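Student: Below you will find the structure I want to go over with you.
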Amino acid sequence: MRRSLRKNRSGGKLARLNEDYGSEPEERGVQFASTSVTASGPDLERKSTTPSSGSAQDVEASAASIATGSSTDPFNLRNGIRSDSELAELRRRAKGKKKVAVVKYQNRQNDLIAYLLKPLEQHTSDAKDEEESARLWVKIAVWASLISNLALCVIQMYAAISSVSLSLLATGIDSVFDIGSNVVLFWLHVKAEKLDMNKWPVGGARLENIGNIVYGSLMASVNLIVVVESVRSLVSKEDDQLKDFHLPSIIAVAAALGVKLMLFILCYPFRKNSSQVAVLWEDHRNDLWINTFGILMSTGGSKLRWYLDPMGAIGLGIIIAWTRTIYRQFEFLAGKSAPHEFLQLLIYKSMTFSDDIVQLDTVRAYHSGPDYFVEIDIVMDGSTPLYKAHDVSQQLQDKIEALPTVERAFVHVDYETTHSPEHRKPS
């Protein structure tokens, strides 16, 4: 989205950043002080009235101010934070469903204000500290998943073959591909870190998305065979005789279910620290449902109605195709926009980064693989020296690129906003 946010130093404060998205105050964003907003097509121009800051600082002072990364609050966002006592009063005064909505909204506001006011350096350092503290557990989760899936593959294939159950066959096929996915993800993770930057200038982050798409596609193709066999069994069955109940197979799959539950619990706290663990956690979560459903339908096919077993296999064949996962990976590769809250952070931090930045023209953040590419067009006075414009924009770019979810950042400097959008091919 292209937007024009302007600092005017005649008095007053900047208004709601989140109005760039046309939301009502009650729905999203932080309530800033009042300001006038004019829109022309998709562009928004904000005419704010920020208190005068006097003469421009010299380059050294400006650079020192940027380097400190001090957490200033020029727009008095902290005034929007509600204390526990104020939240309790809101609960007391509100009625019915409105009580929950109001308190939930104010809690979101408090979290968003704290998120915006936290210095960029602290965002980076907190993420690094969290990653470092979780490094050992991430390795444990990855290797525990790999070794466990290898053992479970043998157990579940035994259960499927010995019971001749289509539902358990579907769970067995899933366990076989769990091994393949673990190995492929591990190999791609190592490969991505060792790619030749001369051949692959953007790095190997997208290899993981490609690997997930390939894995999901193979799962869908193989399970199509199970679905076809299940349909054939339903159509060709001539009597209502129940198949034999095979208790050891059920016990084997139940044991696999217990192991998957432990792996799910192990990976859950660290899924945000590693993309590998996030994929493994999602796989374990899916396997909990798959194994439970497989046990129920296989047992139902032996004790209740014969057709429950092939119907369960059809259901599992569709479920474990990971259609949603494939779709999400395609979104990442296609350039899906970053979340609204992250765009708010970029807008606020760019506007308050330096007094030399008088306006924002464009702020974009979008996926290019698992992390974001960020594009920011800042506006500075036309008389600003070239070296000063370069230093400010370069330091802002470096700060943003250091954020944990940012792969690349591009900061462009201009002196006006009346031109056509940059980086667009002529139509």
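Only the coordinates and a few stated rules stand behind these numbers; no lab work does. As the structure is a computational prediction, the values presented were derived from the model and not from experiment. Here the Cβ positions follow ideal geometry from the backbone for every residue, glycine too, while neighbour counts run over all protein chains shown.
Student: Can you give the charge dipole size of the stretch 134-334 about its Cα centre, rounded to the nearest 20 debye, using +1 on the beta carbon of Lys and Arg and -1 on the beta carbon of Asp and Glu?
Tutor: 640
Student: Could you check how many percent of all C-alpha pairs in the stretch 134-334 are farther apart than 27 Å?
Tutor: Across the stretch 134-334, Cα pairs with separations above 27 Å total 33 percent.
Student: Turning to a different aspect of this structure: Mean separation of Cα pairs under 8 Å and 6+ residues apart, divided by the residue count of the stretch 132-270: what relative contact order is that in percent?
Tutor: 37
Student: Moving to a separate point now. State the antiparallel share, in %, of DSSP beta bridges confined to the stretch 340-427, rounding to the nearest 5.
Tutor: For the stretch 340-427, the DSSP antiparallel bridge percentage is about 55.
Student: Determine the alpha carbon to alpha carbon distance for each of Lys118/Lys336; Lys128/Lys272; Lys128/Lys349; Lys128/Lys399 and list only those over 22 Å.
Tutor: Correct reply: Lys118/Lys336.
Student: Moving on. Quick one: Cα centre-to-centre distance for the stretch 75-93 and the stretch 188-235, in angstrom?
Tutor: 48
Student: Could you work out how much longer the chain between Arg135 and Ala88 gets when fully extended? Use 0.36 nm per residue separation minus the Cα distance between them, nm to one decimal.
Tutor: Result: 13.0 nm gained on full extension.
Student: How far, in nm, would the chain grow between His340 and Ser420 when pulled straight, counting 0.36 nm per residue and subtracting the alpha carbon separation?
Tutor: Result: 26.3 nm gained on full extension.
Student: Packing-wise, with mean Cβ within 10 Å as the measure, how do 351-363, 328-340 rank, highest first?
Tutor: So the order, starting with the most tightly packed, is 351-363, 328-340.
Student: Cβ under 12 Å from Phe177's Cβ, Phe177 left aside: what net charge do those residues give with Lys, Arg +1 and Asp, Glu -1?
Tutor: Spelling it out: positives minus negatives among the neighbours equals -4.
Student: Shifting gears a bit: How do the peptides 176-183, 223-230 rank, highest first, by the average count of neighbouring beta carbon atoms within 10 Å per residue?
Tutor: Result, highest mean first: 176-183, 223-230.
Student: Now for a different question. Contour minus end-to-end for Leu146 and Asn79, with contour as 0.36 nm per residue of separation and end-to-end as the Cα-Cα distance?
Tutor: Extending this stretch completely gives an extra 19.1 nm.
Student: Between Tyr115 and Ser236, what FRET efficiency follows from the Cβ-Cβ distance if R0 is 60 Å, with the result rounded to 0.05?
Tutor: After rounding, the FRET efficiency stands at 0.50.
Student: Sort Trp137, Trp289 so that the residue with the fewest other Cβ atoms within 10 Å of its own Cβ comes first and the one with the most comes last.
Tutor: Lowest to highest Cβ neighbour count: Trp289, Trp137.
Student: At a 10 Å Cβ-Cβ cut-off, how would you order His284, His390, His412, fewest neighbours first?
Tutor: Fewest-to-most ranking of His284, His390, His412: His390, His412, His284.
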